[in-house]
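*Asks:* Sharing a structure below in structure tokens format, with a few things to ask.
The values are calculated or read from the model by the stated rules, or taken from the named source; none is laboratory data. It should be emphasised that the depicted structure is a prediction, and the values quoted were computed from it without experimental measurement. Virtual Cβ from ideal backbone geometry, glycine too; neighbours counted across all protein chains shown. To get the accessible areas, we keep the full protein, side chains included, count just its heavy atoms, and leave off ligands, DNA and RNA. Shrake-Rupley method; radii C 1.70, N 1.55, O 1.52, S 1.80 Å.
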Amino acid sequence: MATLAQPLTQSKSSTSAGPVALVGRLLFTLIFLMAGLTHFSSQTIGFAASQGVPFASIVVPLAGAMAFLGGLSILLGYRAKLGAWLIVLFLVGVTPMHRFWGIADPMMRQMQMVMFMKNLAMLGGALLISQLGAGPWSLDSRKG
């Protein structure tokens, strides 16, 4: 049981912290690993170009590489703080594309607002990882 003098993280059972951290990293990164690869497709590049993304044929694959490498870094817990900053940069770049406030169709507005808010939530998670790291059961936590 944690006392007032102990941080809550110290009261966590060490037997559950590792698996929980690993599953959390996996669930957090799945979207970046999967979506990162789609940023190399002509459909994704074409869509971004139609939305006014400048130099889409260069920017979109670069964004995909950032998302994939950042996600892989966090998943493995290898230089996870750096990986989290790659995710932050990716999300800062793509989140404004979900301009729900300018859409007249209520269903499309709702869908884009959900995507926008999802990105903000993931941005918050990435910022936490950028400061706190990957946690236990990560390559960064190895004793060396």
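*Asks:* Would you please list the contacts, defined by Cβ atoms under 9 Å and residues six or more apart or on different chains, that run from a residue in region 110-125 that is among the basic types (Lys, Arg) to a residue that is open to solvent by less than 70 Å² (accessible area, probe 1.4 Å)?
*Replies:* LYS118/ILE31; LYS118/HIS98
*Asks:* Residues of region 69-116 being in a helix (DSSP H, G or I), of a type in the set (Phe, Trp, Tyr), open to solvent by 60 Å² or more (accessible area, probe 1.4 Å) and under 18 Å from THR29 (Cβ atoms), which ones?
*Replies:* Our first condition is that a residue be in a helix (DSSP H, G or I); within region 69-116, this holds for 69-76, 80-97, 100-102, 106-116.
Pick out the ones that are also of a type in the set (Phe, Trp, Tyr) and you get 85, 90, 100-101, 116.
Remaining after also requiring open to solvent by 60 Å² or more (accessible area, probe 1.4 Å): 85, 101.
Result: TRP85, single match.
*Asks:* Filter region 1-47 down to the residues that are at pLDDT below 90 and outside any loop (DSSP other than H, G, I, E, B), then identify the one that is least open to solvent (accessible area, probe 1.4 Å). Steps first, please.
*Replies:* As a first pass, look at region 1-47 and keep what is at pLDDT below 90: 1-15.
Remaining after also requiring outside any loop (DSSP other than H, G, I, E, B): 8-11, 14-15.
Details: LEU8: 138, THR9: 119, GLN10: 121, SER11: 55, SER14: 102, THR15: 108 Å².
Ranking the candidates gives SER11 first.
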